[in-house]
Amino acid sequence: MPELPEVEVIAQGLREYALGETIEQVEIRWAGAIDRPDPATFADQLVGRTVTDVGRRGKFLVLAVPPAHLLIHLRMSGRLLYCEAADEAARQHPHVRALLRFVSGRWLVFRDMRKFGRLYLVDNPQAVTGRLGVEPLSEAFTVEVLARVLQRRRQIKPLLLDQRMIAGLGNIYADESLWEAGIHPARPASTLSEEQAAALCDAVRRVLRRAIAHKGTTLRDYRSLRDEEGAYQLALSVYDREGQPCARCGATIERIVVGGRGTRYCPTCQRLDNAQPPSQPG
DNA sequence: CACAGCTCCTGGCAGC
DNA sequence: TGCTGCCAGGAGCTGT
């Protein structure tokens, strides 16, 4: 599942390859992939536009195609591939939902097995991203800002997954951040100590930066713009590791359901009460 | 405001 | 072997 680090790696790839490309043709193979405007208008309006900037907001890719913006959300299984004119196989894959052909002859291919991903063409990106919370890798993500989020009477993990609070965390990096900070995922947010809030703030930033450095996590579907796998799956502490020993204390990683989501954690390092974990995270 | 439940969708898997 | 049916999961939505 592409989360902030995976989307950031794709954005880096788009900056390297797609910047300056002009769209010559738009092909939509599954109309449901286009959120807005209607698919015909979407295709019409994109032709002739040049990609002048590539950004990311939360899990959204934001491509400036003046005077509009093309936003892409990959959701569960979406993939974005930049391929050569000769690469017909990439375009013929049955899960391809939409394609952009550039004047250069190269293609941007949107592939999505589960059909949850969406493309948006809007004048103002805020129309789509306006309700997103703070960017966790920006300077705006301070302990004070996190503390305000933590005042809510909710369990900490569903709060971390709420894009209106913090933009970009998904199931993998929420679990990883909570392990890193030594906090139980079902812990009521408002009961965290100041030290724990500070540890969580650090943990979120550290985990996301490390994952970007590893080019993201490939458990199943995720690939970079050039179809490369990430490497962070090799460095995961709890996610996809249930039944295996905790790297910090050796206890067995468990799976529970929190807020309806499968959740992996270490029952020794991440206690629901305030007891000290066996060692401080680092 | 919190939160449960539903929807979208399909490959993968368990169970028979 | 082959079938059925359940499940995960991001996010938006409704209802309580």
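Values in this text are rule-based calculations from the coordinates and carry no lab data. Predicted, not measured: the structure shown is a model, and the values here were computed from it. FYI the Cβ positions are ideal-geometry reconstructions off the backbone, even for glycines, and counts take in every protein chain you see.
Given Cβ point charges of +1 (Lys, Arg) and -1 (Asp, Glu) and nothing else, what value in debye, to the nearest 20, does the dipole of region A:104-157 about its Cα centre take?
On the way: 11 positive and 5 negative charges, 101 e Å.
So the magnitude is around 480 debye.
Compute the acute angle (0 to 90°) between the alpha-carbon long axis of helix A:194-213 and the principal axis of greatest extent of the alpha-carbon atoms of chain A; round to the nearest 10°. The angle comes out at about 40 degrees.
Restricting attention to region A:69-145, which trypsin sites (Lys or Arg not before Pro) occupy a DSSP loop and are surrounded by at most 12 other Cβ atoms within 10 Å?
Details: sites: A:Arg75, A:Arg79, A:Arg91, A:Arg97, A:Arg101, A:Arg106, A:Arg111, A:Arg114, A:Lys115, A:Arg118, A:Arg131; in loops: A:Arg75, A:Arg106, A:Arg114, A:Lys115, A:Arg131.
Those satisfying the criteria are A:Arg114, A:Arg131.
The stretch between A:Gln25 and A:His93, if pulled fully straight at 0.36 nm per residue, gains 22.6 nm over its current Cα-Cα span. In a fully extended conformation the segment linking A:Asp44 and A:Arg153 would gain 34.6 nm over its present Cα-Cα distance, using 0.36 nm per residue. Under the combined filter of DSSP loop state and at most 16 neighbouring Cβ atoms within 10 Å, region A:113-164 retains these chymotrypsin sites (Phe, Trp or Tyr not before Pro): A:Phe116. Determine, at each q value in 0.22, 0.24, 0.26, 0.27 (inverse angstroms), the log₁₀ of I(q)/I(0) that the Debye formula gives when each Cα of region A:178-218 is one equal point scatterer. The Debye formula, applied to the Cα set alone, gives -0.71, -0.78, -0.85, -0.88. P(r) tail for region A:73-154: Cα pairs beyond 21 Å make up 54% of the total. Can you give the angle from 0 to 90° between the axis of helix A:171-181 and the longest principal axis of chain A, with both taken from C-alpha atoms, to the nearest 10? Helix A:171-181 sits at roughly 30 degrees to that axis.
Just going by the charge dipole of chain A, with Lys and Arg at +1 and Asp and Glu at -1 on Cβ, which of A:Leu46, A:Ala33, A:Ala231 is farthest out on the positive end? Checking the options against the dipole of chain A, the answer is A:Ala33.
The Kirkwood radius of chain A, taken over pairs of alpha-carbon atoms, gives through the Stokes-Einstein law at 37 °C and 0.692 mPa s a diffusion coefficient of 166 µm² s⁻¹.
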